[in-house]
Amino acid sequence: DVKVTQSSRYLVKRTGEKVFLECVQDMDHENMFWYRQDPGLGLRLIYFSYDVKMKEKGDIPEGYSVSREKKERFSLILESASTNQTSMYLCASSPRGVLADTQYFGPGTRLTVL
Amino acid sequence: GNSVTQMEGPVTLSEEAFLTINCTYTATGYPSLFWYVQYPGEGLQLLLKATKADDKGSNKGFEATYRKETTSFHLEKGSVQVSDSAVYFCASLGDYKLSFGAGTTVTVRA
């Protein structure tokens with residue numbers, strides 16, 4: 001089974017802190033994604049990466065950056081956390097090619113910024 | 001770009017009732033369409049998908065048919081169980097990116 005793990009289930013940070021959310025997948029997938037999930041808004045794509053050291057902005061990249069130094073790991077960085085970044089963050093991965101349409105999700109990190 | 005609109009919830013049903021969640025999409029071309037489900041405390045998992053017009057996706061008693069004429073992909077289940085209580089998301093795929101609907105919370109009472 002594909003497994004996508006995220007470093008924390010729950011995280012509480014203070015305004016202005018630098019926050020790192022880590023995601024690791026064990027299926028050698030090329031594509032990785034970060035979403036945030038908010039009630040009534042569904043999932044919105046923050047960033048995605050289709051290869052090591054490659055990244056593309058999603059729909060809401062402002063206030064975030066990402067890092068992909070190894071194929072299995074995709075990190076989301078909040079340079080200076082703000083209260084409006086309180087949300088559920090979901091990581092996903094997918095293979096390249098004909099199976100690329102199915103994304104596998106991690107359990108999520110619920111981030112609270114005070 | 002692609003977008004998806006799905007029926008707002010929450011939806012509360014009794015066990016063995018019929019469930020329908022409406023979903024419509026806008027896109028250039030014919031994107032692949034998906035239903036993802038999120039059980040309490042878990043991440044999303046793929047429930048079913050359809051990749052072209054008139055395809056029917058099915059899994060765990062759920063079905064959805066890709067209707068090009070009405071740009072719809074409604075989710076149905078004939079007899080729900082308490083274990084079907086979850087949030088359901090409709091999604092369409094364009095350029096490796098999934099566009100999600102807002103999600104519909106379904107609660108099934110025993």
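Just so it is clear, none of the values below were taken in a lab; they were calculated from the coordinates. These numbers come from a predicted model, not from an experiment. Glycine also receives a Cβ, built like all others from the backbone with ideal geometry; neighbour counts cover every protein chain displayed.
Binning every alpha carbon pair distance of chain A at 10 Å from zero, what are the percents per bin?
15, 50, 29, 5, 0
Explain nothing, just the number: dipole magnitude of region A:2-52 about its Cα centre with +1 on each Lys and Arg Cβ and -1 on each Asp and Glu Cβ, in debye rounded to the nearest 20.
The calculated dipole for region A:2-52 is roughly 400 debye.
Among A:Tyr50, A:Asn84, A:Ser67, which residue has its Cα positioned farthest towards the positive end of the charge dipole of chain A, with +1 placed on the Cβ of Lys and Arg, -1 on the Cβ of Asp and Glu, and the dipole taken about the Cα centre?
Result: A:Asn84, furthest along the dipole toward the positive end.
How much of the DSSP beta bridge set in the protein assembly as shown is antiparallel, as a percent to the nearest 5?
90
Express as a percent, rounded to the nearest 5, the fraction of DSSP beta bridges in chain B (both residues included) that run antiparallel.
Of all bridge pairs located within chain B, approximately 90 percent are antiparallel.
Below 8 Å, C-alpha to C-alpha, sequence gap of six or more: please give me the relative contact order for region B:4-80 in percent.
Computed over region B:4-80, the figure is 34 percent.
Count, for each residue of B:97-104, the Cβ atoms from other chains sitting within 10 Å of its Cβ, then give me the mean as a whole number.
Across the residues of B:97-104, the mean count of other-chain Cβ atoms within 10 Å is 6.
Counting Lys and Arg as +1 and Asp and Glu as -1, each charge on the Cβ, what is the dipole of the protein assembly as shown about the Cα centre in debye, to the nearest 20?
My answer is approximately 440 debye.
Non-local amide H neighbours of A:Leu43 (under 5 Å, H modeled in plane, Pro and chain starts lacking H): which ones?
B:Phe100
At 10 °C and 1.306 mPa s, grab the translational diffusion coefficient of the protein assembly as shown from Stokes-Einstein with a Kirkwood Rh over Cα pairs, rounded to a whole number in µm² per second.
Translational diffusion coefficient: 89 µm²/s.
Quote the charge dipole size of chain A about the Cα centre in Debye, to the nearest 20; the model charges only the Cβ of Lys and Arg (+1) and of Asp and Glu (-1).
For this selection, approximately 320 debye.
Residues with amide H under 5 Å of B:Gly94's amide H, sequence separation 5 or more or different chain, H placed in the peptide plane at 1.01 Å from N; which?
Hits under the 5 Å cutoff: B:Ser99.
Can you tell which of B:Ser58, B:Gly43, B:Ser99 lies farthest toward the positive end of the dipole of chain B, using +1 and -1 charges on the Cβ of basic and acidic side chains (Lys, Arg; Asp, Glu)?
B:Ser99
So which GluC sites (Glu not before Pro) in region B:8-110 are both in a DSSP loop and have at most 15 other Cβ atoms within 10 Å of their Cβ?
Counting only loop positions with at most 15 other Cβ atoms within 10 Å, the GluC sites (Glu not before Pro) in region B:8-110 are B:Glu8, B:Glu15, B:Glu16, B:Glu42, B:Glu69.
Which value in Å does the Kirkwood hydrodynamic radius of chain B take, with 1/r averaged over all unlike C-alpha pairs and then inverted?
Hydrodynamic radius (Kirkwood, Cα pairs) of chain B is 13.8 Å.
Report the one residue of A:Thr5, A:Met32, A:Ser93 whose Cα lies farthest in the direction of the positive end of the charge dipole of region A:1-101 (charges on C-beta: Lys and Arg +1, Asp and Glu -1; origin at the Cα centre).
A:Thr5
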